[in-house]
Every structure is written in structure tokens, then in C-alpha cells.
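One structure is given here, and the rest of the page talks about it.
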Amino acid sequence: PCHQRRLWCSFAVHSTPALSKTHSFYFAGDTGLPPNFPLHHQIGDRLGPFDLSAIPIGAYEPDWFMRETHCNPAEAVKIHQAVKSRRSVAIHFDTFDLADEPREEPPKLLLNEVGVVNKKIGKMATEMVAITSEIGISTGRNGHLVKEESVKDIAALSQAGLTKVVKANEQLLEMLPPLVDFAVIRQGQSIESLPK
């Protein structure tokens, strides 16, 4: 009876300790990503960016039934980007059989989607470096171009020197979306046990 008539709960928390920087956390709750749904972008614009977000990745099949209320892993990555999260943790998967997808599928699809999205961002960065170099603007460390193969993840991007570009080119790189940092933590693990 509550389908499409009640809102599920999500919340944002911002802490302001007296002697250190502000920390922020977003809990997406039980959410979906219906077509033309602006709420996640509105949350990111109004309350973000977030240091850490908890975003659901499971209970999405069958799509015709779950689409409006649960998101799949690819949609979870879009929500991560829309709310402007620096790092996200996958929730709402692998505890109970809630839907038709296999329990082990959501984390695999999520990590695959993160790789695909980060590769696209890396390719955009590589193209930006090539274009700016062609017109005489240095963007890489010591003016060297970064090869697409070297941009596979956040660590590789840092090693490639794109995160430490010359001050004059910071605005160019700010036009790129940040890399997606999305962790899958299984029962019994902690976020500290994950690679940085």
C-alpha cells in the first residue's frame, strides 16, 4: 500500500569538531534511481560533498518490480557521483536473499562498474593532457604526457602525476569528475582492512 506514496529515509551528518576539519557522512538508506530523478543531485549540491557515503547495491532484480525502490550497482556508482561522495561503502547486499539476483553478484558488478567509470575518467584525463600539450599547456609532472595504460586506478593516477599538476592547470583538472572510490566490505571486515 505504501508503494510510491511514502518516502524512505536517508540522512546526512556533518560534524564540526572544535580543533579539526569538518567530517561528513551520507546514508542513502533504501533507495533507487528512477529515470529523471533529481533528488540525489539535489542532495549533493545542497549537502555535499561527503567524506563517506553508505549506498545500497543489492535487491534490484527483477528490474520491472524493484526499479523505483532499489538501485543496481551501476546506479549506485551514479548516486555516489551525484551526492559528491569522496568514498562510498556498499550496503544492502549479501545478508538475505531479498531479490532474484544471486547474492554474490552485486559486489562483482559494482567493482566492475567502478573500473569502467574510472577508466573513462582516466581516458578523459589523458585526452585533456594530449590536447593541452598540443596547444602548449603543460599538465603532467615535468610536462610529460600520461599514457592511458598508466591510468588504471587512484594510486596509478597519483603516480602518473595528474593529482599534483602545476597550479596553473588545476582548473582544467577540476573539470574532470573525480575517480570513483567505492568499497565492498563483507561481514567481519572493517573499512580499515581495505587497501587505500
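Read-outs throughout are calculated quantities, based only on the coordinates presented, and are distinct from any laboratory measurement. Predicted model only: the values in this text are computed from it and were never measured. Positions of Cβ are generated from backbone atoms using ideal geometry, with glycine treated the same way; all protein chains shown enter the neighbour counts.
Of note:
- A simple count of charges around Ser10, restricted to other residues whose Cβ falls under 13 Å of its Cβ and scoring Lys, Arg +1 and Asp, Glu -1, yields 0.
- Note on Arg87 and Lys120: the model spin-label points, each 7 Å out from Cα along the C-beta direction, lie 2.5 nm apart.
- Which of Gly58, Val83, Cys71, positive extreme of dipole for region 57-96 (C-beta unit charges): Val83
- Label-to-label distance, nm, for residues given as Thr95 and His23 (7 Å Cα→Cβ offset): 2.2
- For Cys71, distant residues with modelled amide H under 5 Å away: Thr31
- Simple label model, 7 Å out from Cα along Cβ direction - Thr16 to Leu47, nm: 1.7
- Proximal charge balance of His41 [Cβ under 15 Å; K/R count +1, D/E count -1]: +1
- Overall form of region 23-69 per C-alpha gyration tensor (a/c, 1.5; a/b vs b/c): oblate
- Tensor-based shape of region 34-101 (alpha-carbon gyration tensor, a/c under 1.5 rounded, otherwise prolate or oblate): oblate
- Potential lengthening between Asn112 and Phe65 on full extension [0.36 nm per residue; Cα-Cα distance subtracted]: 14.5 nm
- For Ala54, nonlocal amide neighbours, meaning residues 5 or more places apart or on other chains whose placed amide H falls under 5 Å from its own, are Tyr26, Phe27, Ala28, Val89.
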